[in-house]
1. Please list, ordered by chain and number, the residues whose modelled amide H lies under 5 Å from the amide H of V716; skip anything fewer than 5 residues away on the same chain.
2. If R0 is 25 Å, what FRET efficiency do you get for I363 and L252 from their C-beta distance, rounded to 0.05?
3. How much of the accessible area of the stretch 874-937, probe 1.4 Å, is carbon plus sulfur, in whole percent?
4. Over the stretch 199-299, what percent of the accessible surface lies on carbon and sulfur atoms, probe 1.4 Å?
5. Packing-wise, with mean Cβ within 10 Å as the measure, how do 546-556, 917-927 rank, highest first?
6. Give the long-range amide H neighbours of I18: residues separated by 5 or more places, or on another chain, with amide H under 5 Å away, using H modelled in the peptide plane at 1.01 Å from N.
7. Once the whole set of protein chains is in place, how much accessible area is left on L581, using a 1.4 Å probe, in Å² to the nearest 10?
8. With a 1.4 Å probe and all protein chains in place, put I35, I887 in order of accessible area, largest first.
Amino acid sequence: MEHLGRFPGEHGNSQGRIINVDEMAPGDWNFDAIIPDGRIRAVLKRRGITRLQPIQEAAIRHGLFFRKSMLVFSPSGSGKTLIGELAAITSVFQRYGKVAYLVPLKALATEKYKQFVKYWSPLGIKVELSIGDYDMPVRDLLNADIIVITYEKMDSMLRSHLDHIQGSFGVMIIDEIHIMGEESRGPRLESLIIRTSRMLGDVQVIGLSATVANPVQLNDWLTELGHDSTLLISTKRPVPLQYTIVKSNKDLVTISTIIKEILQEGGQCLVFTRSRKRAEHLAKQLSRFSSHLSNRVLHNKRVQLAFKIKRNQKLSDLPPLIFRGVAFHHAGLSTGERDVVEYGFRHRIIHAICCTTTLSAGINLPARAVVLQDFKRYTTFVDNVDDESKFHQVIPGSRVYFKPLPRNTFHQIMGRAGRAGHDTMGSCYIIARSSAEEKWIREYYFKDARRFKAKRKDGRCTGKKGDPSTGYSHEEPFVAIMKGETGGCLESKPGEGEQGDASTGIPVATTIGTLTINGENGILDEKGGLTSMMPRYDPMESMLRERDVLMEQLLLSTNEQDGVSKDDINKFFKQTFFNFLLEDKHTPIDALLGIKKVTSRDFIKYVSAGIDAYLARHPSARVEIAKVSTGMISGTIYPLQHTSFDCIISKGSGIQCTCGNHKHVNGLDGTCQHVQLLVKHILDTRPSLEPTLDVLLQASLGQDCYLDYLLARDLVTRKAGGRYTCSKFGRLVTSLYIYPRTAVMIREHLLEVAAGGDKPESEQVLQLLGIIRAIFKDGGRDRDGALFLGAWCWIEEEPMDVVLDPSAAAMTLPAGLDPGKKPLYPGDFANFRKELLRWIHILGRMASFLHVDFLGDACMILETRVKYGIRHDIMPLVLHIKGVGRIRGRMLYRAGYRSVDDVRQANPAVMHERTGIPQQICEQVIAAASHWQQEDAG
Ligand SMILES: Nc1ncnc2c1ncn2[C@@H]1O[C@H](COP(=O)(O)OP(=O)(O)OP(=O)(O)O)[C@@H](O)[C@H]1O
Ligand SMILES: [Mg+2]
């Protein structure tokens, strides 16, 4: 054991083994000794892998092949996938059991799946991919040796098919395990880890992660769950990264110049922007200069690539850019467009991609450089700031605040540069718009950074001379030299390091500092030039605290054969990382988790850290209680002399604050700090009001006891002996993978529609769409109003181009469907269609559970319409006759061919005459109809 103890910056007594790989003495094992299986060695050698990275070697030396669980934290691009791959193959060869390789994204799952198939299928290993949206064919999956699966699919497999999978897995690899700390997907991953630990038996767990600030805590938690996990940490990156913070108030010019340089050197570049619009705009600008860096062969490849998109997506803006070797990439693109762009970049046909965070995690692309155009997620006014710890003032004293990219996301983005096997050095450029921003970036995202007076080796200052036309210079690399032991002053003098834009008099761009991460932490370069700077990471938190998530987990925990007692439920929640992190604070976990009713004292305990931080920022804050009655309490908070916020906690209308954030109130977690301060103030100064406050808080937070909620709505039933069990409805809800509150809402809507009786088909379809829309609205998804237009197109057989192209004639829309103002993209529609189909499926299952058969039928009709973009009447033609789609189907139907039989018996010449379809195609269609009938008969 090389290193036992605490990772710098962490607290608490660690219970697991910790290996600091950077401090490990190099092993004397050669490649053949460390990978004893010749079959595995041969595959690796064929891939050009003849040496292992230190982190990989460390994993093997600490029991990777002997079923030891481990958590691997190392920088992006350090080769974590291979660790998972080796554990997986060994598990199959050694017959330890099946392998679940869990990944967060479908795109990543596909990448890993292809890799497994390419390299390991020839050895007879069976690999399956599971990324579909609902019901999965478990039998197929269980025939596989390795299943590459998204977190959500694994979760639903565990919920619905536990009997089949129990005991069959030997290893579970969780890639990007740090996602457990993310708000949207973290809680379900956390619960999945707890439940797999309990249900799957003796499984080796391998967690792979980018760096976070508290890896020891996560490892200790896994150890507490019974995994005897070893933590492997490394900060070294096989390909060093060089960071440059560029100060510029002309982003476009500066970024163009940086990219030009990279492309001229034969490198490729990813530019990260904060919005789709920016990504597209920037790509268009960059395409102006990039085309001359082409030759005939490259040009032909680009034409082919652009044509691939053009064929399927007439309205795409991408083809003209691809001709010039540039592209954009964001969630609005269709899957086809995304695939083409990624393929083009991987095969060096496209040299620069401007993207949003869609390309920020895990995907392996050959980028030598990464440019981050904006480290701010968005800016807003102080009035909209709900949690001051997450916002920063644009300039001290300003009312404008910004939310930065989280540190871990920032470094994930940086980590896209310089991937092993592609480049030997990665460059990262971060654009700052002022010296203040530059300083902020340096201090927020990095640690141990010291800037030194910029000097040439001959002693003169060398801040780069800015070129006023481009805003950026191509001179020799910036050199920072340490001056004396203490480092000396930091700033390059104005005028020496910067040259102004002649027209505005404002300095346009300066390279502020170039800092290298090479694992030689804080040590000067041999040439006496560069100083090291380490990334600063955020600790991973548990997100298991939001109302819907908690209620879902509570319901899941009652899904045991003999039911559970309150104690059992408590035990489950005591196992969470959420509780693991809370324990020091003596927070009443059962109140927090809604197992018992929350009191105002529980509430204050839970939010105390936030209140302390708020008071530290506003030491002169004052609170005044305004009105007190049994139905409401109100008061005013004065954080500053001339700023005030009025808060009301009322039985009837819930919580309101003039800061506006009462809109987000969601269980304990969503209250603004003004309301929290008011509650604390009342408890401190008017303790006699505590009982009134308790009642008001419980009513206004909607913080009923969650168990009571589930019982009252028949999701959970009470059994003898104080036990609780999931009802039939509850089990349906867990298998559908929806939140209990959403299920209750759907049930109410369906029963209401059912009470109205059977209606014409078109009305029913609209009613179902209305329910889905209400679900989306409840989830606060504002883009979806416009997307429902898409649904209308599918239902009414309108071509989709009408919605995508604003210049096309407007459709006649039913009342309540509003086109909206936000631009829509094909990818939005594709994602929405999948979502819509998922919800139609859920509605159908619920309708059949409630025995409302006619609504079940309406769901099937709606599903067909959305899936195929056709009305019900032409369904047989489109579904059964090859070559007949929406348009031909309608032409045939109008001409009187209403069934497959009608088509089969048709005369091609007559069909041509009646429909206008070319006779040759009529012949093909008739043949296809006959073919289907034969198949059917056979
Ligand atoms: N031992 C090795 N020798 C040569 N190349 C390697 C070795 N191990 C991994 N690589 C290559 O390094 C690149 C990055 O590896 P990988 O994608 O596994 O990184 P990662 O640590 O998972 O990064 P991220 O955190 O970004 O997901 C891949 O192209 C991979 O093929
Ligand atoms: Mg990875």
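1. Long-range HN contacts for V716: L711, S727.
2. The calculated FRET efficiency here is 0.45.
3. 48 percent
4. Its accessible area is 48 percent carbon and sulfur atoms.
5. Going from most to least packed, we get 546-556, 917-927.
6. When sequence neighbours closer than 5 places are left aside, the close amide H contacts are G5, L231.
7. 40 Å²
8. Reading off the accessible areas and sorting them downward yields I887, I35.
The values are calculated or read from the model by the stated rules, or taken from the named source; none is laboratory data. These numbers come from a predicted model, not from an experiment. Heads up, the Cβs are rebuilt from the backbone with ideal geometry, glycines too, and the neighbour counts pull from every protein chain shown. Keep in mind that these areas ignore ligands, DNA and RNA; they rest on the heavy atoms of the full protein, side chains included. Shrake-Rupley method; radii C 1.70, N 1.55, O 1.52, S 1.80 Å.
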